[in-house]
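Beneath this line is the structure, given in structure tokens, with notes to follow.
The values are calculated or read from the model by the stated rules, or taken from the named source; none is laboratory data. Keep in mind that this is a model prediction, so the values were computed, not measured. Cβ atoms come from the backbone with ideal geometry, glycine included; neighbour counts cover every protein chain shown.
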């Protein structure tokens, strides 16, 4: 447990130091955020705020893990590799947006191909690993369901859903950072409880890095994490839960991500079928924003909801904790 605390503190310290170094650099490189014209009008003043800030907590996490874990094949390092791999995909997306000077990066098909390649490799690794295998735990039961040949297709869809859900949640200052900080804290405790001590350290590293990053990402944000950060975090969450054989738990503990994604699906389906919108704007956080809520109030509410969902998630695991 002491090592987890050290992991949080070291990662927080490094992330806090990197902020004042990298944020001005992103400014000088003109890596400013391009705001969607169809987004909330209040967001137009955020145009030019540096994006790709996810590199702050990615670098911080990498350095901290290199200090604490010295076995390249350790399960915690596998989670780190996926964290970095999805971050690279996000960086490609952010880079193209910056080059084109529009909120358009990788094409949907291009991004999906890259996601499939990375998640397919991770799915194959998990399926062939004697420590993971093709079974997944069903929350609120004592069932470990074996997906068999459907495991890898499931994993590919699972990673695509999780990474995109976290990406959609990253729409307000500090929102995705705050929610994910809580989710990582939850998985640190669960990993420790299940005896995955190094994985618990990795969760602590991410949590500490995000805590340092939040100092610069909270309202009013000095930097945005961009797809670089959101896809990396989605990949990390998905990998941690996969290693623990708890991918379905992401739906519970990451309920905010799920609802944000569902709001987009409902909005698109409703408009195409009836020509009417259910929400003032999707994802859901924009609906609240256009209803007169301040960003900080929305972030606070979603964080409170995530804490409650984490407690519910704990109750779903009596058979294994």
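Structure notes:
Rundown of residues vs (1) surrounded by fewer than 18 Cβ atoms within 10 Å (Cβ to Cβ); (2) part of a helix (DSSP H, G or I); (3) at pLDDT 90 or above, yes/no style:
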site: 11; (1), (2), (3): no, yes, yes
site: 19; (1), (2), (3): no, yes, yes
site: 42; (1), (2), (3): yes, yes, no
site: 45; (1), (2), (3): yes, yes, no
site: 66; (1), (2), (3): yes, yes, yes
site: 86; (1), (2), (3): no, yes, yes
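- Of the listed requirements (1) outside any helix (DSSP H, G or I); (2) under 19 Å from the mean Cα position of the chain (by Cα); (3) at pLDDT below 95, residue 141 misses just one: (2).
- Positions within region 118-138 being over 19 Å from residue 236 (Cβ atoms) and touching a strand residue (DSSP E or B) at 6+ places or on another chain (Cβ under 7 Å), in sequence order: 134, 135, 137, 138
- Check on residue 190, in contact with a helix residue (DSSP H, G or I) (Cβ under 9 Å, 6 or more places away or on another chain) and under 24 Å from residue 228 (Cα atoms): no
For every residue, the table says whether it meets (1) touching a helix residue (DSSP H, G or I) at 6+ places or on another chain (Cβ under 6 Å); (2) at pLDDT 95 or above; (3) surrounded by fewer than 24 Cβ atoms within 10 Å (Cβ to Cβ).
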{"position": "166", "(1), (2), (3)": "yes, yes, no"}
{"position": "180", "(1), (2), (3)": "yes, yes, no"}
{"position": "206", "(1), (2), (3)": "yes, yes, no"}
{"position": "223", "(1), (2), (3)": "yes, yes, no"}
{"position": "236", "(1), (2), (3)": "yes, yes, no"}
{"position": "244", "(1), (2), (3)": "no, yes, yes"}
{"position": "251", "(1), (2), (3)": "yes, yes, yes"}
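- Residue 199 being touching a residue at least 40 places away in the same chain (Cβ under 8 Å), buried (at least 24 other Cβ atoms within 10 Å of the Cβ) and over 16 Å from the mean Cα position of the chain (by Cα): yes
- Some residue of region 169-177 being buried (at least 17 other Cβ atoms within 10 Å of the Cβ), without any contact (Cβ under 8 Å) to a residue 24 or more places away in the chain and either out of contact with any helix residue (DSSP H, G or I) (no Cβ under 6 Å at 6 or more places or on another chain) or not in a helix (DSSP H, G or I) (or both): no
- From the list 261, 296, 306, the one residue that fits, being under 21 Å from residue 173 (Cα atoms), in contact (Cβ under 8 Å) with a residue 40 or more places away in the chain and either out of contact with any helix residue (DSSP H, G or I) (no Cβ under 7 Å at 6 or more places or on another chain) or not in a helix (DSSP H, G or I) (or both), is 296.
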